[in-house]
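In what follows, a structure is listed as structure tokens, so that the remarks can point back to it.
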Amino acid sequence: MMARTIVAVATPPGVSGVAVIRISGPDAAEVFRRLAGKVPRPRAATLVTIIDPLDGTPLDQGLALWFPAPASFTGEDCAELQVHGGRAVVAAVLAAILTVDGLRPAEPGEFTRRAFESGKLDLAAIEGLGDLLHAETEAQRRQAFALYQGRLTDETDRLAQQLLPVLALVEATIDFPDEGDVTDAALAEARGQALTVRDRITGLLADAGRAERVRDGVVVAIAGLPNAGKSTLLNAIARRDVAIVSPVAGTTRDALEVQLDLGGLPVVLVDTAGIRETMDPVEAEGVRRARRRVSEADLVLWLAPTIESVTERPEGAWVIQSQADRGATPMEEARHRISASTGLGLSALLEDVRAFASTMLGGEPAVVVHERHRLIMIAAKVALDAALRHPDWPAAAELVAEDLRAALAALGRSRGRVGTEAMLDQLFSAFCIGK
Ligand SMILES: Nc1nc2c(ncn2[C@@H]2O[C@H](COP(=O)(O)OP(=O)(O)OP(=O)(O)O)[C@@H](O)[C@H]2O)c(=O)[nH]1
Ligand SMILES: [Mg+2]
């Protein structure tokens, strides 16, 4: 059965200079004929007056773009209209389009799904595209675009290229056992190659945490004794009144998070309850949560207005002397002296946190970004471990070949061509309509 033609507004709802309406499928050309009186030249912006096909009323003037199959995003005939971005304009043009026989509104992600089904995009590229749409910081954009451009699949292709000759050699020992073509030296070399691939995969898996941090942010906890000025600092950095501040010790109970973009790097700043022994059960729960957040954080800023409050800091925490405007003796342990009230030292502190995040997230974008990628790499590694566990390759050639084939099969899944329907449904439903 031929797919029906779908239509959607690709730009966000609301008032904008231009709204983009996309149409994909066999009746896309018919939409142009009915609404614009002609099909424009392929891939050239053409000014058209859009008319209501039912009574010929002009609805708007805009640009028409025609991408005949297969050179289009979906691989099908695609029509695009750029109209004025008012709600009524978009509604009227959309209604007019839907009068054309065979058209229906698109489901979320349906354009991308068609691109996948026609082989225009593989699953890894689509994951990258989804990340690109949700990228909020420069680091996230870089990671997403790298995935979109094939960072994962280039890597799995390369690893497969390295494994294929290994498999060929092992199979040769099965097919020609007596001929002595396959020397022990050649087998040892092949084994070394398999080891190299295995180690590379181990390295890629170890780097997956970095990708997760790029997506979710480097977690920086603000901790210290009650009244150290933690919530005041959070508010000052967030430039809004996120947390309650008061002279009462033990004000903050729940951990509060603020997402920051520090020079393109995603950072999650967490304000926590002041840590102390307390009989109040609610505060005690707050302290328990604070300890947990501190233990999970990538970096802890231990706020201490005076030398006495430095005591309990966790290992690796940065001591930050807070409330410096109040005239306490500067302390040697402090990495920074700040005043959240006057702003003293805040930009130096943020620059230092940014440098910390940069060290954590820096370098080339990671290869293993999503859980799916991690599972693929784990499967490949498990298979390679099994292949390498047979100490005598010629004797165990059949088992080794099977393990190598399993590793290659796992690497081959990076493009997602053997994915299940349910997984695809879930992936595409996370996209917006018109994508
Ligand atoms: N002078 C001065 N006062 C500050 C500064 N930072 C905080 N304070 C005051 O110190 C008191 C405690 O501040 P909070 O930010 O609520 O302290 P906290 O560390 O969040 O306290 P808990 O939530 O109880 O653990 C408030 O009265 C603040 O106005 C500062 O930099 N300078
Ligand atoms: Mg607080």
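List pairs: first in region 331-344 and part of a strand (DSSP E or B), second open to solvent by less than 40 Å² (accessible area, probe 1.4 Å) and of a type in the set (Phe, Trp, Tyr), Cβ under 8 Å, 6+ apart or cross-chain?
336/318
In region 251-298, how many residues are among the hydrophobic types (A, V, I, L, M, F, W, C) and within 22 Å of residue 311 (Cβ to Cβ)? Lay out the reasoning, then the answer.
Our first condition is that a residue be among the hydrophobic types (A, V, I, L, M, F, W, C); within region 251-298, this holds for 255-256, 258, 260, 262, 265, 267-270, 273, 275, 279, 282, 284, 287, 290, 294, 297.
From what's left, within 22 Å of residue 311 (Cβ to Cβ): 255, 270, 273, 275, 279, 284, 287, 290, 294, 297.
Here the count works out to 10.
Would you point out the residue of region 232-266, among those that are polar (S, T, N, Q) and closer than 16 Å to residue 350 by Cα, that is farthest from ligand 2 (Cβ to nearest atom)? Break it down into steps so the answer makes sense when it comes.
Step one: filter region 232-266 for residues polar (S, T, N, Q), giving 232, 235, 246, 251-252, 259.
Keeping just the survivors that are closer than 16 Å to residue 350 by Cα gives 232, 235, 259.
Details: 232: 8, 235: 10, 259: 19 Å.
Filtering region 232-266 for residues that are polar (S, T, N, Q) and closer than 16 Å to residue 350 by Cα, the one farthest from ligand 2 (Cβ to nearest atom) comes out as 259.
So is residue 130 in contact (Cβ under 8 Å) with a residue 12 or more places away in the chain and part of a loop (DSSP other than H, G, I, E, B) or not? Let's see the steps before the verdict.
Values: in contact (Cβ under 8 Å) with a residue 12 or more places away in the chain: yes; part of a loop (DSSP other than H, G, I, E, B): no.
No.
List pairs: first residue in region 181-209 and farther than 27 Å from residue 363 by Cβ, second residue surrounded by fewer than 14 Cβ atoms within 10 Å (Cβ to Cβ) and not charged (D, E, K, R) anywhere in the structure, Cβ distance under 8 angstrom, at least six positions apart or on different chains.
What qualifies is 182/176; 190/165.
If you take the residues of region 308-328 that are in a loop (DSSP other than H, G, I, E, B) and under 37 Å from the mean Cα position of the chain (by Cα), which of them is surrounded by the most Cβ atoms within 10 Å (Cβ to Cβ)?
Going through region 308-328, the residues in a loop (DSSP other than H, G, I, E, B) turn out to be 311-317, 322-323, 327-328.
Pick out the ones that are also under 37 Å from the mean Cα position of the chain (by Cα) and you get 312-317, 322.
Working: 312: 13, 313: 21, 314: 14, 315: 5, 316: 10, 317: 21, 322: 31.
If we take residues in region 308-328 being in a loop (DSSP other than H, G, I, E, B) and under 37 Å from the mean Cα position of the chain (by Cα), then 322 is surrounded by the most Cβ atoms within 10 Å (Cβ to Cβ).
Suppose we filter 351, 333 for residues that are at pLDDT below 95, of a type outside the set (Val, Ile, Thr) and exposed (fewer than 14 other Cβ atoms within 10 Å of the Cβ); which single one remains? Show your work before the answer.
Working: 351 fails: at pLDDT below 95.
Every option except 333 fails the conditions.
Among the listed residues 379, 383, 401, identify the single one that is more than 19 Å from residue 192 (Cβ to Cβ), outside any loop (DSSP other than H, G, I, E, B) and touching a helix residue (DSSP H, G or I) at 6+ places or on another chain (Cβ under 7 Å).
Working: 383 fails: more than 19 Å from residue 192 (Cβ to Cβ); 401 fails: more than 19 Å from residue 192 (Cβ to Cβ).
Only one candidate qualifies: 379.
From the list 167, 225, 163, which residue is more than 28 Å from the chain's Cα centre (by Cα), open to solvent by less than 70 Å² (accessible area, probe 1.4 Å) and in the same structural domain as residue 276 (by TED's automatic domain parsing)?
Details: 167 fails: in the same structural domain as residue 276 (by TED's automatic domain parsing); 163 fails: in the same structural domain as residue 276 (by TED's automatic domain parsing).
Matching residue, one of 167, 225, 163: 225.
Scan region 226-240 residue by residue and report those that are within 6 Å of ligand 1 (Cβ to nearest atom) and either without any contact (Cβ under 8 Å) to a residue 60 or more places away in the chain or not hydroxyl-bearing (Ser, Thr, Tyr) (or both).
Taking region 226-240 first, the residues within 6 Å of ligand 1 (Cβ to nearest atom) are 226-232.
Listed by number, the residues that qualify are 226, 227, 228, 229, 230, 231.
Could you grab the pairs with beta carbons closer than 6 Å, sequence gap of 6+ or different chains, first residue in region 241-252 and more than 18 Å from residue 285 (Cα to Cα), second one more than 7 Å from ligand 2 (Cβ to nearest atom)?
Note: pairs meeting the criteria are 241/235; 242/234; 242/235; 242/256; 242/258; 245/232.
Checking residue 183 against (1) modelled with pLDDT under 95; (2) hydroxyl-bearing (Ser, Thr, Tyr); (3) within 28 Å of the chain's Cα centre (by Cα): exactly one of these is not met. Which one?
Unmet for residue 183, out of (1) modelled with pLDDT under 95; (2) hydroxyl-bearing (Ser, Thr, Tyr); (3) within 28 Å of the chain's Cα centre (by Cα): (3).
Against the definition (under 21 Å from the mean Cα position of the chain (by Cα) and either polar (S, T, N, Q) or modelled with pLDDT of 95 or more (or both)), how does residue 367 come out, yes or no? It would help to see each step written out before you state the result.
Details: under 21 Å from the mean Cα position of the chain (by Cα): yes; either polar (S, T, N, Q) or modelled with pLDDT of 95 or more (or both): yes.
Against the criterion (under 21 Å from the mean Cα position of the chain (by Cα) and either polar (S, T, N, Q) or modelled with pLDDT of 95 or more (or both)), residue 367 qualifies.
So in region 245-271, with the set limited to residues that are of a type in the set (A, V, I, L, M, F, W, C) and near ligand 1 (Cβ under 7 Å from one of its atoms), which one is most open to solvent (accessible area, probe 1.4 Å)?
In the first step, residues of region 245-271 are kept if they are of a type in the set (A, V, I, L, M, F, W, C); the result is 245, 248-249, 255-256, 258, 260, 262, 265, 267-270.
If we keep only those that are near ligand 1 (Cβ under 7 Å from one of its atoms) too, we end up with 245, 248-249.
Working: 245: 79, 248: 95, 249: 38 Å².
Looking at the filtered set, the residue picked out is 248.
Search region 279-307 for residues being under 25 Å from residue 360 (Cα atoms) and of a type outside the set (A, V, I, L, M, F, W, C), and hand back the single one that is surrounded by the most Cβ atoms within 10 Å (Cβ to Cβ).
If we filter region 279-307 for residues that are under 25 Å from residue 360 (Cα atoms), which is where we start, we get 289-303.
With of a type outside the set (A, V, I, L, M, F, W, C) added as a condition, the list becomes 289, 291-293, 295-296, 298.
Numbers: 289: 17, 291: 15, 292: 13, 293: 20, 295: 10, 296: 10, 298: 16.
Among residues in region 279-307 that are under 25 Å from residue 360 (Cα atoms) and of a type outside the set (A, V, I, L, M, F, W, C), the one surrounded by the most Cβ atoms within 10 Å (Cβ to Cβ) is 293.
Out of 75, 130, which single residue is in contact with a helix residue (DSSP H, G or I) (Cβ under 8 Å, 6 or more places away or on another chain) and within 30 Å of residue 60 (Cβ to Cβ)? Even if it seems obvious, please write down each step before you answer.
Values: 130 fails: within 30 Å of residue 60 (Cβ to Cβ).
Within the list 75, 130, the selection yields 75.
The values are calculated or read from the model by the stated rules, or taken from the named source; none is laboratory data. Remember, predicted model here, so these are calculated numbers, not experimental data. Cβ coordinates were reconstructed from backbone atoms using ideal geometry, including for glycine residues, and neighbour counts include every protein chain displayed. Heads up: the accessible areas ignore ligands, DNA and RNA and are worked out on the full protein's heavy atoms, side chains in. Shrake-Rupley method; radii C 1.70, N 1.55, O 1.52, S 1.80 Å.
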